[in-house]
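K.L.:
This structure is in structure tokens; I'll ask about it shortly.
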Amino acid sequence: MNKNSIYTYATVPTQFIEANGVRFAYRSYGKKDGIPVIYLNHLSANLDNCDPRIMDGIATQHQIISFDYRGIGATSGKQGKSIPLMAKDVISFIHALGYDKVDLFGFSLGGFISQEILLAEPALVRKVILAGTGPRGGQGVSDVVGLTYKDILKGYLTFRDPKFYLFFTKTSNGKNAARQFLKRLKERKENRDTKTKFQAFRTQLKAIYAWGHEKPADLSVIKHPILIANGDHDRMVPTPNSYDMAKRFPNAELVIYDDAGHGGIFQNHEDFVKKALAFYAK
């Protein structure tokens with residue numbers, strides 16, 4: 001159990017707060033003093049799709065807050081139709097919680113949204129982790145749509161969660177990591193979140209497709225400390241995007257995990273938590 005909290009991610013209660021006309025579902029726990037970490041999750045993810053090992057690890061040193069995007073899980077409204085609109089929602093959510101300075105931790109889609117937050121309201125953010133993600137207009141970002149549908153079908157035909165294929169490599173290490181990750185996602189037994197509706201999932205995919213075709217942002221204007229992490233074989237948001245961002249952000253660190261895919265931080269969660277805590281502590 002986290003020494004700074006009576007909860008683990010498997011037991012922390014779900015709370016609700018109103019912001020920007022939306023009733024957000026969120027979970028918050030960990031060390032209460034200091035700057036909180038806001039975790040922004042991946043495509044179609046609800047609160048139960050956060051890796052408990054990573055959440056509990058960060059909660060040892062920080063208050064960590066996960067939430068459902070508009071129209072996802074138990075959060076009200078219709079899913080935002082663009083990445084900037086999603087960023088606007090997150091900014092409103094953070095302000096509603098009463099914070100004027102936060103750290104961000106964006107995985108995949110959450111990394112896209114995090115970048116838009118940095119551009120829209122840079123003073124709100126101190127430090128950022130971008131994992132399994134890429135820049136606006138990045139290589140292969142818009143291809144997520146076709147790849148996702150393909151692996152959803154593959155998962156259906158093989159009776160597996162699509163994340164088994166989407167997040168991990170096909171090596172023995174990757175397959176074992178996938179099984180362990182999906183097992184961890186089932187640790188919470190009570191008060192689980194509402195499943196994401198297919199229409200909201202499609203709307204998110206369309207937003208990603210559009211964002212992947214937009215003009216690249218000038219990342220040189222973002223001076224925040226940024227930790228970029230990925231696997232060396234990310235199929236969803238191709239790994240070259242991580243190297244690209246590391247060159248374009250003026251103050252970036254890069255971690256690439258061997259024999260790992262989109263979910264490299266989940267496969268290497270022990271090492272990643274150590275690096276994340278060290279990064280936030282600087």
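K.L.:
For D161, indicate whether it is assigned to a helix (DSSP H, G or I) and either at pLDDT below 95 or more than 21 Å from A74 (Cα to Cα) (or both). Show your work before the answer.
P.N.:
Working: assigned to a helix (DSSP H, G or I): no; either at pLDDT below 95 or more than 21 Å from A74 (Cα to Cα) (or both): yes.
No: the conditions fail for D161.
K.L.:
Follow-up. Given the condition surrounded by 19 or more Cβ atoms within 10 Å (Cβ to Cβ), over 20 Å from S114 (Cα atoms), out of contact with any Gly (no Cβ under 9 Å at 6 or more places or on another chain) and at pLDDT 95 or above, answer yes or no: does some residue in region 187-203 qualify?
P.N.:
Yes, region 187-203 contains at least one residue that is surrounded by 19 or more Cβ atoms within 10 Å (Cβ to Cβ), over 20 Å from S114 (Cα atoms), out of contact with any Gly (no Cβ under 9 Å at 6 or more places or on another chain) and at pLDDT 95 or above.
K.L.:
Taking the condition under 15 Å from L40 (Cα atoms), β-branched (V, I, T) and in contact with a His (Cβ under 9 Å, 6 or more places away or on another chain), does V128 pass? Write out each step before concluding.
P.N.:
Values: under 15 Å from L40 (Cα atoms): yes; β-branched (V, I, T): yes; in contact with a His (Cβ under 9 Å, 6 or more places away or on another chain): yes.
For V128, the condition - under 15 Å from L40 (Cα atoms), β-branched (V, I, T) and in contact with a His (Cβ under 9 Å, 6 or more places away or on another chain) - is met.
K.L.:
Further question: Can you tell me which of (1) within 23 Å of P216 (Cβ to Cβ); (2) in contact with a Ser or Thr (Cβ under 6 Å, 6 or more places away or on another chain) is the one V125 doesn't meet?
P.N.:
Among (1) within 23 Å of P216 (Cβ to Cβ); (2) in contact with a Ser or Thr (Cβ under 6 Å, 6 or more places away or on another chain), V125 violates only (2).
K.L.:
Mind checking which pairs have a first residue in region 226-243 that is in contact (Cβ under 8 Å) with a residue 12 or more places away in the chain and among the hydrophobic types (A, V, I, L, M, F, W, C) and a second that is surrounded by fewer than 23 Cβ atoms within 10 Å (Cβ to Cβ) and in a strand (DSSP E or B), Cβ under 6 Å, 6 or more apart or different chains?
P.N.:
Final answer for the pair search is I226/A252; L227/E253; I228/A252; I228/L254; A229/V255.
K.L.:
Another question about this same structure. Only one of I222, I226 is under 16 Å from the mean Cα position of the chain (by Cα) and surrounded by 13 or more Cβ atoms within 10 Å (Cβ to Cβ); which?
P.N.:
Numbers: I222 fails: under 16 Å from the mean Cα position of the chain (by Cα).
Just one listed residue meets the conditions, I226.
K.L.:
Within region 15-34, track down each residue that is hydrophobic (A, V, I, L, M, F, W, C) and either free of Cβ contacts under 8 Å to residues at least 60 places away in the same chain or assigned to a loop (DSSP other than H, G, I, E, B) (or both).
P.N.:
Passing the criteria: only F16.
K.L.:
Turning to a different aspect of this structure: Could you list, in sequence order, all residues of region 256-282 that are under 26 Å from V221 (Cβ atoms) and under 16 Å from the mean Cα position of the chain (by Cα)?
P.N.:
A276
The values are calculated or read from the model by the stated rules, or taken from the named source; none is laboratory data. None of the values given here were measured: they were computed from a predicted structure. Every residue, glycine among them, receives a Cβ derived from its backbone with ideal geometry; neighbour counts consider all protein chains shown.
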